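Chemist: Take this structure, written in structure tokens, and hold onto it; I'll ask about it next.
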Amino acid sequence: QGIAWIHHLIVTPAYRQQGIGTALLGRGIQHARQLGLTHLMMVVQSKNYPAIQFLTRHNFRFCGYNEQFYRNRDIGLYFVRGL
């Protein structure tokens, strides 16, 4: 039992909306399952609405926040999903 973290999942704007982010996430999920992990977590900036939408579309749920996560003082929102 354990948690996998995805620290960066970035797709260049010109290539967004083509399924690349979903494919990258899918590979991360597959790898975490192979390692026997049970959950996947990510943190995103509170102002990053497209990332929040992406995560909720992929069955992540909000599970907490950190007001001092980012240097620019933006709030880090934590999301988790089961594997």
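Chemist: Which one of 43, 64, 21 is farthest out on the positive end of the charge dipole of the chain, using unit charges on Cβ (Lys, Arg +1; Asp, Glu -1) and the Cα centre as origin?
Modeler: Checking the options against the dipole of the chain, the answer is 21.
Chemist: Around residue 22, what is the net charge, scoring Lys/Arg as +1 and Asp/Glu as -1 over all other residues with Cβ under 13 Å from its Cβ? Don't jump to the answer; show the numbers that get you there.
Modeler: Working: positive: 16, 27, 57; negative: none.
That works out to +3.
Chemist: Cα atoms only: what Rg and Dmax, in Å, come out for segment 3-77?
Modeler: My reading of the Cα-based Rg and Dmax gives 13.0, 36 Å.
Chemist: So if I place +1 on the C-beta of Lys and Arg and -1 on the C-beta of Asp and Glu, and nothing else carries charge, what would the dipole magnitude of the chain be about its Cα centre? I want it in debye, nearest 20.
Modeler: The dipole magnitude comes to about 120 debye.
Chemist: Applying 1/(1 + (r/R0)^6) with R0 = 22 Å to the Cβ-Cβ distance of residue 7 and residue 33, what FRET efficiency is obtained, to the nearest 0.05?
Modeler: 0.75
Chemist: Could you pull out every residue, at least 5 positions away or on a different chain, whose amide H is within less than 5 Å of the one on residue 4? Hs are placed 1.01 Å off N in the peptide plane, and Pro or chain starts have none.
Modeler: Under 5 Å from the amide H of residue 4 lie the amide H atoms of 38, 39, 40, 41, each far enough along the sequence or on another chain.
Chemist: Run the helix sum for the chain: -39,500 (n - 2.57) per DSSP H stretch of 4+ residues, divided by residue count, reported at 222 nm to the nearest 500 deg cm²/dmol.
Modeler: Numbers: 2 runs with 24 residues, N = 83.
Only helices count here, giving -9000 deg cm²/dmol.
Chemist: Of all the accessible heavy-atom surface of the chain, with the other protein chains kept in place and a 1.4 Å probe, what percent is carbon and sulfur?
Modeler: The nonpolar share, carbon plus sulfur, comes to 52 percent.
The values are calculated or read from the model by the stated rules, or taken from the named source; none is laboratory data. Please read all numbers here as calculations on a predicted model, not as lab measurements. Quick reminder, even Gly has a Cβ in these numbers, built from the backbone with ideal geometry, and neighbours come from all protein chains shown. These accessible areas exclude ligands, DNA and RNA; they are computed on the full protein's heavy atoms, side chains included. Shrake-Rupley method; radii C 1.70, N 1.55, O 1.52, S 1.80 Å.
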